[in-house]
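A quick write-up on the structure given underneath.
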Amino acid sequence: MKLTKAQRSTLHAMFGGRCAYCGEPLGERWHADHVLPVERKLQHVRGKGLVPTGELYRPENDTIANLMPACPPCNIDKHMMSLEDWRGKLSRSLDVLARSQPTYRHARRFGLLQETPKLITFYFERVAQPEAA
Ligand SMILES: [Zn+2]
C-alpha cells in the first residue's frame, strides 16, 4: 500500500523515530515493514533477475495496522519471515558466525569475544514492557 505523508509520519513516530525491531534511530531511508509478510510475487526478467510484479500473495496483510517502522538492515534481514521465525534466525547468529567465519572462530579461540546468548527481544517489546533493572 502507498502511504500518505501523514500516515508515514505517524508510523515514523510510533517508537519515537526508532526501528521497531532493533531500536536504532531510523534515519532518512527507513522502511515500513509488514509484520505479517505480504509475500511479493516475483518474475524473472532477462538481465535483471527476479523483479517484483507488484502483486502480493497475501494482500490481506497489506494494511496500516500491520506496518512497523524498520531500519533497512532489519527489514531486509526479516524479509518474508514471521516475527517468530526471524527471532529464531537471530537467536542462531552466534552459531552461524562460528560455523561460517574463520575470523570469528579465531577471535573466540583467543578470548577476544564475550558472547552473550540470550532470547531476542525486539525494541517494540522492550518499550511495551520495560525490563526490571
Ligand atoms: Zn532495525
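Read-outs throughout are calculated quantities, based only on the coordinates presented, and are distinct from any laboratory measurement. Keep in mind it's a predicted model, so treat the numbers as computed, not measured. Quick reminder, even Gly has a Cβ in these numbers, built from the backbone with ideal geometry, and neighbours come from all protein chains shown.
Laid out as a table, the results:
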{"quantity": "Approximate spin-label separation Asp77-Gln101, in nm, with each point projected 7 Å along Cα-to-Cβ", "calculated": "1.1 nm"}
{"quantity": "The chain: most fluctuating residue of Pro69, Pro37, Pro25 per GNM, C-alpha cutoff 10 Å", "calculated": "Pro25"}
{"quantity": "Hz values of 3J(HN,Hα) by residue in the stretch 63-78 - Karplus curve (6.51, -1.76, 1.60), Gly and Pro given as x", "calculated": "10, 5, 5, 9, 9, 10, x, 9, 6, x, x, 5, 4, 5, 5, 5"}
{"quantity": "Low-density loop cleavage sites - trypsin sites (Lys or Arg not before Pro) in the stretch 75-133, where at most 16 other Cβ are within 10 Å (DSSP)", "calculated": "Arg92, Lys118"}
{"quantity": "The chain, helix-only ellipticity at 222 nm - DSSP H runs n ≥ 4, -39,500 (n - 2.57), divided by all residues, nearest 500", "calculated": "-9500 deg cm²/dmol"}
{"quantity": "Residue among Glu60, Glu24, Glu115 with the largest mean-square fluctuation in a Gaussian network model of the chain, springs linking Cα atoms under 10 Å", "calculated": "Glu115"}
{"quantity": "Label-point gap, in nm, between Thr63 and Ala13 - each point 7 angstrom along Cα→Cβ", "calculated": "2.3 nm"}
{"quantity": "Positive-end extreme of charge dipole, the chain - chosen from Tyr21, Phe122, His106 (charges on Cβ)", "calculated": "His106"}
{"quantity": "Net charge, Leu113 excluded, C-beta distance under 14 Å - Lys, Arg +1, Asp, Glu -1", "calculated": "+1"}
{"quantity": "Tyr104, Tyr57 arranged by Cβ crowding within 10 Å, fewest neighbours leading", "calculated": "Tyr57, Tyr104"}
{"quantity": "Cut-off under 5 Å, modelled amide H: who pairs with Cys22 long-range", "calculated": "Cys71, Tyr123"}
{"quantity": "Student exercise, the stretch 49-98 dipole from Lys, Arg, Asp, Glu Cβ charges, in Debye to nearest 20", "calculated": "160 debye"}
{"quantity": "In sequence order, calculated HN-Hα J values of the stretch 81-89 (Karplus, 6.51, -1.76, 1.60; Hz; x Gly/Pro)", "calculated": "7, 6, 4, 6, 5, 5, 4, x, 4"}
{"quantity": "Debye, to nearest 20: dipole size of the stretch 14-127, +1 on Lys, Arg Cβ, -1 on Asp, Glu Cβ", "calculated": "560 debye"}
{"quantity": "Entries in Lys2/Lys89; Lys2/Lys41; Lys5/Lys118 that, when Cα-Cα distance is taken, lie over 27 Å", "calculated": "Lys2/Lys89; Lys5/Lys118"}
{"quantity": "Net lengthening on full extension, Leu42/Leu3 (0.36 nm per residue, minus Cα-Cα)", "calculated": "11.8 nm"}
{"quantity": "Of Leu11, Leu36, Leu113, the one that fluctuates the most in a GNM where the chain has Cα springs shorter than 10 Å", "calculated": "Leu113"}
{"quantity": "Relative contact order (percent, whole number), the chain, Cα cutoff 8 Å, 6+ residue spacing", "calculated": "27 percent"}
